[in-house]
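Here is the structure we will look at.
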């Protein structure tokens, strides 16, 4: 019996405590509502915050434009015309141009495959000597051109005509190819032989003058 009384007392105490807790909770809620209502009456209604923008109207404002830039285009002058000066022609060359060019006739003698000139004697024919007492240049020495070894081994043959300008002193002023062999090495051999030749100048009525002549070099190999 004593135990039953103790357990019944404990249950009563728990229920009593729970009831007191609920009463205290309700009381606190009521107090909070009273406080909120009281503050709302004291403060008054809350107005929403509105941002106001003050717009100032600008009237009679003069707009200043930036000054316009003036671009100056430089004047382009046309390039000056180049006037090519006329080439100067000496009296000697003019005299050489006005004189007929005789053909150099020679005899080719084969010697180990190299073309060699024989004694040529005076240059030109009888008609040349009859031209106002004109005597054409006279050969002093005329070395043979060197036969290019590769062309010689290949059995090639040909001829090359070379022009010479001989001044009043008998000096060679110019050498050029009149008719090519078609082989640059053979043409070069003929040019070198022409430069190595020596001459007495042409004369007209006993006066030395400049003269142009031509020589034909033959490159031939005897076939035995």
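The values are calculated or read from the model by the stated rules, or taken from the named source; none is laboratory data. Values in this document were obtained by computation on a predicted structure and should not be read as measured data. Heads up, the Cβs are rebuilt from the backbone with ideal geometry, glycines too, and the neighbour counts pull from every protein chain shown.
A few comments on the model shown:
- Matching residues, the stretch 157-173, being closer than 10 Å to residue 219 by Cβ, at pLDDT 95 or above and part of a loop (DSSP other than H, G, I, E, B): none
- Within the stretch 143-150, the presence of a residue that is closer than 26 Å to residue 207 by Cα and either at pLDDT 95 or above or outside any strand (DSSP E or B) (or both) is excluded.
- Annotation note: of 210, 186, 142, 202, the sole residue that is surrounded by 15 or more Cβ atoms within 10 Å (Cβ to Cβ) and within 42 Å of the chain's Cα centre (by Cα) is 186.
- Residue that is nearest to residue 145 (Cα to Cα), among those in the stretch 174-209 that are free of Cβ contacts under 8 Å to residues at least 12 places away in the same chain and part of a strand (DSSP E or B): 174
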